[in-house]
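Below is one structure, written out as structure tokens, with a few remarks after it.
The values are calculated or read from the model by the stated rules, or taken from the named source; none is laboratory data. This one's a predicted model, so the numbers in the text were calculated from it and none came from an experiment. Neighbour counts run over all protein chains shown; Cβ positions are idealised from the backbone, glycine included. Calculation scope for accessible area: heavy atoms of the full protein, side chains included, ligands and nucleic acids excluded. Shrake-Rupley method; radii C 1.70, N 1.55, O 1.52, S 1.80 Å.
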Amino acid sequence: MTSDTRVILICSGKGGVGKTTLTANLGISLASKGCPTAVLDADFGLRNLDLLLGLENRIVYTAQEVLEENCRLDQALVKHKQQPNLSLLPAGNPRMLEWLKPEDMQKIVEMLNDQFQYVLIDCPAGVEDGFKNAVSASKEAIIVTNPEVSAVRDADRVIGLLNTHGVKPVQLVLNRVRPKMMQSQEMLSIDDVTDILALPLLGLVLEDEQVIVSTNRGEPLTLVGSNSPAARCYSNIASRLQGEEVPLIDPAKEGSSLKDKFRRLMQTKIF
Amino acid sequence: MTLRDLINKLLGRQQASAATARERLQLVLAHDRTDLSPDLLDQMREEILNVVAKYVEIDVEEGAVSLETEDRMTALVANLPIKRTLSGEIKLKEPSPEVSSNQDPN
């Protein structure tokens, strides 16, 4: 293995918290910063990364055919037309659920190590075989969670499993943050979540309707140079992954109207 | 406590839901992380109290055994108030032969 390739697992435990959207946007972001990046869809039972990247019609082969020596790696890699530094590799065919083993996943990632600086693995939800396969090939991990009790609980379980597999560092991305709800203390705060999970915060992503618009189109926000709140957050996360120091967006400062100032006053700690 | 919490309390309103979410999560995670069910914890609490009560007189009503979690470390915390004599000394139990004979050799 080439040691300087960063193989990062993007996982959450719970489904629907934004793993795939983060993988797509982070992949585009890193690629546009000049890093050759591969995104590997390890969720081959229910794969969606192709759809978010707008590459669903261009998949011919998967990593499975490469391992069976039915095609070459470069035939299975789907290069993004607008961002050629980014390639997608689906792990397997949805019809072959039983097929993939941890060793296969390790072989796939080893093949990618030669060509890419970043390999982002989009992990399936749950903690069963699909998760174990993906973990076995990963060096570090990003946990995605929402400020909701069910997502945080599942994240905690996954963190425990990552620790036992020796994956590190494990960093946290808090997704779908709603500043107004946090200000009125009707949503777990950033500190609540980082304290409970005891992980370093890689970044937060503000709730943003544009995310839905971009998935409708198959064009990640970071691809089209959007300046929407979520797009800025994704881009910041990519920069931090590369070691740049980018200050966190303070959700409390997202609004500066009198109403927002009053909200901030109301959350002042008095004792 | 925040200013909002205080006002809610003064008006007799429910506290903001984030605080409730945090408390519920902390509790459920403490149990998740140890695989201990509340039933098992209760059973353990009782046994611990009984063992300690063999040696010193403790206030069984006040005794509490709970799981506390901080920075992914979970600790079993037992709080067992020991009764004192009037002169302020700790009340020791008389070593009784009955106690040891009660123990099952298995």
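On the basis of being under 28 Å from A:Glu219 (Cα atoms) and open to solvent by 60 Å² or more (accessible area, probe 1.4 Å), does A:Asp129 make the cut? So that I can check it myself, show each step before the final result.
Values: under 28 Å from A:Glu219 (Cα atoms): no; open to solvent by 60 Å² or more (accessible area, probe 1.4 Å): yes.
So A:Asp129 fails the test.
May I ask you to say which residue of B:Leu41, B:Leu11, B:Leu36, B:Leu29 is within 14 Å of chain A (Cβ to nearest Cβ) and touching a residue at least 12 places away in the same chain (Cβ under 8 Å)? Outline the logic, then answer.
Values: B:Leu41 fails: within 14 Å of chain A (Cβ to nearest Cβ); B:Leu11 fails: touching a residue at least 12 places away in the same chain (Cβ under 8 Å); B:Leu36 fails: within 14 Å of chain A (Cβ to nearest Cβ).
Of B:Leu41, B:Leu11, B:Leu36, B:Leu29, the one residue that is within 14 Å of chain A (Cβ to nearest Cβ) and touching a residue at least 12 places away in the same chain (Cβ under 8 Å) is B:Leu29.
Anything in segment A:98-123 that is crowded, with 23+ Cβ neighbours inside 10 Å and in contact with a Leu (Cβ under 8 Å, 6 or more places away or on another chain)? List them, or say none.
The answer is A:Ile108, A:Val109, A:Leu112, A:Tyr118, A:Val119, A:Leu120, A:Ile121, A:Asp122, A:Cys123.
Return the only residue of A:Ala31, A:Ala91, A:Ala76 being under 26 Å from A:Lys132 (Cβ atoms) and at pLDDT 90 or above.
A:Ala76
What pairs come up if the first residue lies in segment A:170-194 and is on the phi > 0 side of the Ramachandran plot, the second is open to solvent by 20 Å² or more (accessible area, probe 1.4 Å) and among the polar types (S, T, N, Q), and their beta carbons are under 8 Å apart, counting only those six or more places apart or on different chains?
Cβ pairs passing all conditions: A:Gln185/A:Gln267; A:Gln185/B:Ser17.
Residues to consider are B:Glu46, B:Glu23; find the one that is assigned to a helix (DSSP H, G or I), away from chain A (no Cβ under 14 Å) and of a type in the set (Asp, Glu).
Answer to the check: B:Glu46.
Give me the residue from segment A:171-202 that is over 19 Å from A:Asp156 (Cβ atoms) and of a type outside the set (S, T, N, Q) and, out of that set, nearest to the other protein chains (Cβ to nearest Cβ).
Filtering segment A:171-202 for residues that are over 19 Å from A:Asp156 (Cβ atoms) and of a type outside the set (S, T, N, Q), the one nearest to the other protein chains (Cβ to nearest Cβ) comes out as A:Glu186.
Could you list, in sequence order, all residues of segment B:21-42 that are closer than 20 Å to A:Glu186 by Cβ and exposed (fewer than 14 other Cβ atoms within 10 Å of the Cβ)?
Of everything in segment B:21-42, those that are closer than 20 Å to A:Glu186 by Cβ and exposed (fewer than 14 other Cβ atoms within 10 Å of the Cβ) turn out to be B:Glu23, B:Arg24.
I'd like the full set of residues that are over 22 Å from A:Leu162 (Cα atoms) and β-branched (Val, Ile, Thr), limited to segment A:191-246.
A:Val205, A:Val211, A:Ile212, A:Val213, A:Thr215, A:Thr222, A:Val224, A:Val246
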